[in-house]
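Shown next, in structure tokens, is the structure this report addresses.
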């Protein structure tokens, strides 16, 4: 279908069955491929919603610079949408994220301020808040507290899933800002209150880029824990392994958090008698090529090298 603008290509991503990943013949696992969005991640959805709402409410004006703390994907999406709408973007990002993210941000014209990598996205949030407090020319959408984040997923992602698969028993997604789990989860539970919403989180001392452990003390304001039926921890090594298996078995080139999500779905499938599980794969694998995850050398070294060097 012909589009008038690149922004119209956001959303309507495929939902595909990944039968080779299911350990149970009566449990079907489906993957929502958010890497098919224009910049390669689900964050295109929320960037469009946050910017357009801010414009409509008069909070974002031509004299403003968009400022946002990010692990990469949201910043890239904001830079993409902002370029189409004529705004400058500055992001605060941990210094140890994959280099592809910085390269994409620069390609879209964003300015990058690096924060202490050891403090993760929490450190980036503090730096951005300090910058915004000192300079009123900044407009910070603040994905962690912006209701347009879950609304984007309620109105688009959740609706798309139900259109493609009305009978969903379990929805699994990574816990980052919480927007995806809140928006999709609410939409699915309105359709069927028995749907289980499962959040995938890393172990407190582990790192999986894009996922957040609540044990670090920061709970995003948009996150309503009562909407979650469970939180399941996945180790980075498991996420690496399943990300590789997704490519080998299904031909799906996905990011590391997607491997964690599918790993969780596989565990759940083993406990179920039958049913449908939908996994949200947040981004494609392009931003992780520098990790060498898909190479033979990585497979041989993965058990002997400190995981944190990959971030």
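Observations on the model:
- Mean-position separation - Cα centroids, the stretch 8-63 and the stretch 101-115, in angstrom: 21 Å
- Taken as Cα centroids, the stretch 164-179 and the stretch 243-292 sit 13 Å apart, rounded to the nearest whole angstrom.
- Of 275, 176, 185, the one that fluctuates the most in a GNM where the chain has Cα springs shorter than 10 Å: 275
- In the chain, the DSSP beta bridges split such that about 15 percent are antiparallel, to the nearest 5.
- FRET efficiency, residue 116 to residue 192 (Cβ-Cβ, R0 35 Å, nearest 0.05): 0.20
- 20, 88 arranged by Cβ crowding within 10 Å, fewest neighbours leading: 20, 88
- The stretch 43-139, relative contact order [Cα under 8 Å, separation at least 6], %: 30 percent
- Potential lengthening of the chain between residue 88 and residue 163 amounts to 23.4 nm, from the contour at 0.36 nm per residue minus the alpha-carbon distance.
- Separation in nanometres of the label points that stand 7 Å from Cα toward Cβ, at residue 16 and residue 295: 2.6 nm
- Taking a ≥ b ≥ c as the square roots of the Cα gyration tensor eigenvalues, the stretch 31-117 comes out oblate, since a/c reaches at least 1.5 and a/b does not exceed b/c.
- Label point distance in nm, residue 225-residue 155, each placed 7 Å from Cα along Cα→Cβ: 3.0 nm
- Normalised by the number of residues in the stretch 1-81, the average gap of Cα pairs under 8 Å and 6 or more apart makes the relative contact order 26 percent.
- If you take the alpha carbon atoms of the stretch 137-231 and fit the smallest convex hull around them, that volume is 112 Å³ per residue.
- Normalised contact order of the chain, rounded percent, pairs of Cα under 8 Å and 6 or more residues apart: 21 percent
- Between helix 43-56 and the chain: long-axis angle, C-alpha atoms, 0 to 90°, nearest 10: 40 degrees
- The angle separating the long axis of helix 179-191 from the principal Cα axis of greatest extent in the chain is about 60 degrees.
- The chain: angle of helix 236-245 to the longest principal axis, Cα-based, in degrees nearest 10: 70 degrees
Throughout, read-outs are computed from the coordinates displayed, never taken from laboratory work. Just so we're clear, the structure is a prediction, and the values are computed from it rather than from any experiment. Note that we place each Cβ from the backbone using ideal geometry, even for glycine, and neighbour counts take in every protein chain shown.
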